[in-house]
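Each remark here refers to the structure printed beneath this line.
Coordinate-derived values only; no laboratory data. Not measured: the values here are computed from a predicted model. Every residue, glycine among them, receives a Cβ derived from its backbone with ideal geometry; neighbour counts consider all protein chains shown.
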Amino acid sequence: MDTDRQLRALDALDTAVPARIGVAQRIWSTVWPVLGALALAVGLWELVVLSGWKDPWVLPGPGEVLPRLWHDLGDPRFWSGLGLTMRRAVAGFGLAVGIGVAAAVLATRPRPLRIALSTLITGLQTMPSIAWFPLAILLFQLSEQAILFVVVLGAAPSVASGLISGIDHTPPALLRAARVLGVRGFGWYRYVLLPAALPAFVTGLKQGWAFAWRSLMAGELLVVIGHSPSLGVRLEFARQLSDSTEILATMIVIMLIGIVVDGLFTLADHVVRARRGLTG
């Protein structure tokens, strides 16, 4: 009898449903660490400025930079430049996703092709994005195509690598069951491989976006198109004018965009894993 009671108690623990946490509480539990990290960064920044390590015109403090950022937010030219940068980011990242998915699907074919593509993807991943710009400028001159060329080469390998990793970790039992059920051709990818690899694919997308964003910022600094007031161009013009306040204000915008987009990918990753029972 004691054993039966103990087993029933264990069964109750297994089937217990944790209390739901309110939406506001979940949002706050996610946001407050970010706000705390930003507050800590601003505090350390102010301490460095107060230490006198650099002259104020070289390294201004938050008291000078934040008002400039607020002023920039009211400037239509700022929003025009931000829109241009984001259009480039979306276009480059979209192309990188398409190419990365195609490469990963091809890598599931015969073993020699898999080895060749995996080696190429690894080599491209280890190549610093900035190293592609001399070739990009020679091929496309100072143009939008030169920037997109490097963004795609920077992001596509990470996307492909994430999807390949997910495919490699697909449970063999699932693959055998799909074969027994007669899944073949396009359905093999549509209903078996790609859904099974989705969690790792989302992680690859997140990493790919980070590479795309960094490549884009480097591209806008190096491939300066005069009539395009992008964030990178604002940063470069501020450097030429030794306007460190504008440099830091623009850098804050670039960082915040990166944090927001990374948060969206993290949310998507959490949703995908939760639906598959992969979260605690």
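For this structure, a couple of remarks:
- Separation between Cα centres of the range 199-272 and the range 19-80, rounded to whole Å: 16 Å
- What you get for the chain, charging only the Cβ of Lys and Arg (+1) and of Asp and Glu (-1), is a dipole of about 1300 debye around the Cα centre.
- Note, ³J(HN,Hα) from phi for the range 24-41, Karplus 6.51, -1.76, 1.60, rounded to Hz, x at Gly and Pro: 4, 5, 5, 5, 5, 5, 8, 7, 5, x, 5, 4, x, 5, 5, 4, 5, 4
- Backbone geometry of the range 101-115 corresponds, through the Karplus equation with coefficients 6.51, -1.76 and 1.60 at θ = phi - 60°, to 3J(HN,Hα) couplings of 5, 4, 5, 5, 5, 4, 5, 8, 7, x, 4, x, 5, 4, 5 Hz, x marking Gly and Pro.
- Exposed trypsin sites (Lys or Arg not before Pro) absent: longest stretch of the chain, with sites in DSSP loops and at most 15 other Cβ within 10 Å deemed exposed: 55-183
- Only Lys, Arg, Asp and Glu carry charge here, each on its Cβ (+1 for the first two, -1 for the last two); on that basis the range 94-209 has a dipole of about 560 debye about its Cα centre.
- Additional length obtainable on full extension of the chain from Leu66 to Met86, 0.36 nm per residue less Cα span: 5.0 nm
- Extension gain, Arg276 to Leu135, is 46.4 nm, computed as 0.36 nm per intervening residue step minus the present C-alpha separation.
- Note on the chain: dipole from Cβ charges, positive end direction compared against Pro76, Phe237, Pro110; the farthest Cα belongs to Pro110.
- Along principal axes, Cα extents of the chain, largest first, whole Å: 78, 54, 33
- Scalar couplings 3J(HN,Hα) for the range 137-144, obtained by applying the Karplus form with A = 6.51, B = -1.76, C = 1.60 to θ = phi - 60°, are 5, 5, 6, 10, 6, 7, 9, 4 Hz; x denotes Gly and Pro.
- Model label sites at Leu120 and Tyr191, defined 7 Å from Cα along the beta-carbon direction, differ in position by 3.1 nm.
- Here the chain is scanned for chymotrypsin sites (Phe, Trp or Tyr not before Pro) in DSSP loops (not H, G, I, E, B) that have at most 13 other Cβ atoms within 10 Å, and the longest stretch holding none of them is 58-280.
- In this simple spin-label model, placing a label point 7 Å from the Cα along the Cα-to-Cβ direction at both Leu44 and Ile225 gives a separation of 3.6 nm.
- Using the rule -39500 (n - 2.57) for each DSSP H run of four or more residues, divided by the residues of the chain, the 222 nm mean residue ellipticity is -25500 deg cm²/dmol.
- Alpha carbon Rg of the range 18-91, scaled by the compact-globule rule 2.2 N^0.38 Å: 1.62
- Among Met86, Met127, Met251, the residue with the largest mean-square fluctuation in a Gaussian network model of the chain, with springs joining Cα atoms closer than 10 Å, is Met127.
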